Amino acid sequence: MSVTSAADLETDDVKAIDELGEVFQRLKNELGKIIVGQNDVIERLAICLFARGHALLMGVPGLAKTLLISRLAETLSLDFSRIQFTPDLMPMDITGTDILQETPDGRRVFEFIKGPLFANVVLADEINRAPAKTQAAMLEAMQEQRITVVGKTFHLPPPFFVLATQNPVEQEGTYPLPEAQLDRFMFLIEVDYPNRDEEIRIARSTTGGTFPSLQHVLNGQQVIRFQELVRRVPVPEHLYEFAVDLTRRTRPNTPEAPTWLKPLVGWGAGPRAVQYLILGAKARAALHGSYMVRLEDVLEVAQPVLTHRVLTTFAAESEGLSSRDIVKRLVDELSRER
C-alpha cells in the first residue's frame, strides 16, 4: 500500500480505500483465471467502473474483448447484456418498446417491454455499425442514464456501465461515431496483441476443457459505495492546474497550444476531458491504495482520456502522426516543465 498521507480523509474512507485495493487485486486474480495478460486493459476498465465512466475498446477481432467484458460482469455480480450492433438495428431494439397485451379480463393495454439497455453492464459490440438513430438512443442512455420511449422516460438501474467495442481495420458498412458521442466515453482503451509467452498460454488454456467459473467479488451496492468513495479522494491544487493546462494545450486555436501542434490538430479536447483526467486519477490512486492523487495517476490516465478527443489534420496523417503520438509529446513536455 502507498504511504501517501491520509490526513485529508476520514478514517472510514482510509479503511475503504484499503478495502478497494484488496478488492481490485481479487478482481484481477479472478479474471486472470480466464484472461491471459491484458493487465493494463483490466486496470483501465476498473478505473472507468469506479469513476462512473464508459469505455470504448479498440482492437482487431480475436483479442478477447467480448470475453473480458462478460467475465468482468460475472465477477461483479451485475446484470449483463450484450448488444450486437448491425446496420439494421433500430432504437427500440436496444431501449425496448410498448407492446399491445391482452389482460385476463379481456382488455387490451400497452405494456412496456424493457430492452437490453436495462442492465448494469452493457456490451455494445461493434458500436460503429449502428445507424445514427440508434447511436443517438445510446448517447442519451450513456449521458443521462435514462431513455425516452414514446414520450415516456425510464431510468436505468445503477450502476450503469457501457463498454463498447470497435474494429479499427474494417470500415465496410460502418457509421463512424460522431464526436459528441466519442466525448461521452471516458476512456479509449486500445487492446493490443499478446506477447509470445502470453499467446502460448492462450493456446494451452483455451484448447482444453471448459472455462472455470469465477467467484463474485462485488455486488451492485458495493460498486456504488466505492464510486462515491472515489469522488472523495483529495487532489492537490497543482494537479488540478496540470490537468487543465494539459487539456488546453490540445486546442490549436488557444495561446497555450505549442507551435508544433497547431498544423497537426484540427480540434482539441473539451472541459469533459479535464473532469475525466481528475476522476480517472482519483480512481487509479484509490485502486493502488493511495490516499491522495499523485502526478503519476494523472499521467497514466492522460492517454486513454485524451487520444479520442484530439482530432488530427491531414498534415499529421501525411507525417504518420496519430493522436496518440501528439498526446504523448504533450504529456512529456508538460511533465518536464513541472
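Things to note:
- The number of residues in the range 249-297 that are closer than 20 Å to Ser323 by Cα, within 22 Å of the chain's Cα centre (by Cα), surrounded by 14 or more Cβ atoms within 10 Å (Cβ to Cβ) and not β-branched (Val, Ile, Thr) comes to 10.
- Criterion violated by Ala203 - all others in (1) out of contact with any Asp or Glu (no Cβ under 7 Å at 6 or more places or on another chain); (2) free of Cβ contacts under 8 Å to residues at least 60 places away in the same chain; (3) not assigned by TED's automatic domain parsing to the domain that holds Gln181 satisfied: (3)
- A count restricted to the range 93-107 and to residues that are among the hydroxyl-bearing types (Ser, Thr, Tyr) and free of Cβ contacts under 8 Å to residues at least 40 places away in the same chain stands at 1.
- The condition (being out of contact with any strand residue (DSSP E or B) (no Cβ under 6 Å at 6 or more places or on another chain), surrounded by 13 or more Cβ atoms within 10 Å (Cβ to Cβ) and within 18 Å of Leu56 (Cβ to Cβ)) is satisfied by just one residue among Ala124, Ala136: Ala136.
- Scan the range 127-175 for residues that are at pLDDT 85 or above, assigned to a strand (DSSP E or B) and farther than 27 Å from Ile42 by Cβ and the total you get is 5.
- The residues of the range 304-329 that are hydrophobic (A, V, I, L, M, F, W, C), touching a Pro at 6+ places or on another chain (Cβ under 9 Å) and within 23 Å of Ala180 (Cα to Cα) amount to a single one, Ala316.
- Residues within the range 214-244 that are in a helix (DSSP H, G or I) and not β-branched (Val, Ile, Thr), tallied: 16
- The criterion of at least 2 residues that are closer than 18 Å to Leu239 by Cα is met by the following helices (runs of 4 or more DSSP H) wholly inside the range 267-338: 271-287, 295-306, 323-337.
- Qualifying residue in the range 182-194 (condition: closer than 22 Å to Glu144 by Cα, at pLDDT 80 or above and in a helix (DSSP H, G or I)): yes
- Residues that are aliphatic (A, V, I, L, M) and over 8 Å from Val149 (Cβ atoms) were ranked within the range 83-104; the one that is farthest from the chain's Cα centre (by Cα) is Leu100.
- All conditions but one from (1) in a helix (DSSP H, G or I); (2) touching a strand residue (DSSP E or B) at 6+ places or on another chain (Cβ under 8 Å); (3) among the β-branched types (Val, Ile, Thr) apply to Thr247; the one that does not is (2).
- Cross-chain or 6+ apart pairs with Cβ under 6 Å, the range 260-279 first and over 12 Å from Gly53 (Cβ atoms), then of a type in the set (S, T, N, Q) and crowded, with 24+ Cβ neighbours inside 10 Å: Gly268/Thr250; Ala269/Thr247; Ala269/Thr250; Val274/Thr247
- Flag if Gly32 is among the small types (Gly, Ala, Ser), surrounded by fewer than 20 Cβ atoms within 10 Å (Cβ to Cβ) and without any contact (Cβ under 8 Å) to a residue 60 or more places away in the chain: yes
- Among the residues of the range 50-106, the one identified as touching a Ser or Thr at 6+ places or on another chain (Cβ under 6 Å) and among the basic types (Lys, Arg) is Lys65.
- Here Lys133 qualifies as in contact with a Pro (Cβ under 8 Å, 6 or more places away or on another chain) and farther than 16 Å from Ala164 by Cα.
Yes or no, residue by residue, for (1) touching a strand residue (DSSP E or B) at 6+ places or on another chain (Cβ under 7 Å); (2) modelled with pLDDT of 95 or more:
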site	(1), (2)
Ala281	no, yes
Met292	no, no
Val301	no, yes
His308	yes, no
Arg324	no, no
Glu337	no, no
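The values are calculated or read from the model by the stated rules, or taken from the named source; none is laboratory data. A quick note: this is a predicted structure, and the numbers were derived from the prediction, not measured. No Cβ is skipped: glycine too gets one built from the backbone with ideal geometry, and neighbour counts run over all protein chains shown.
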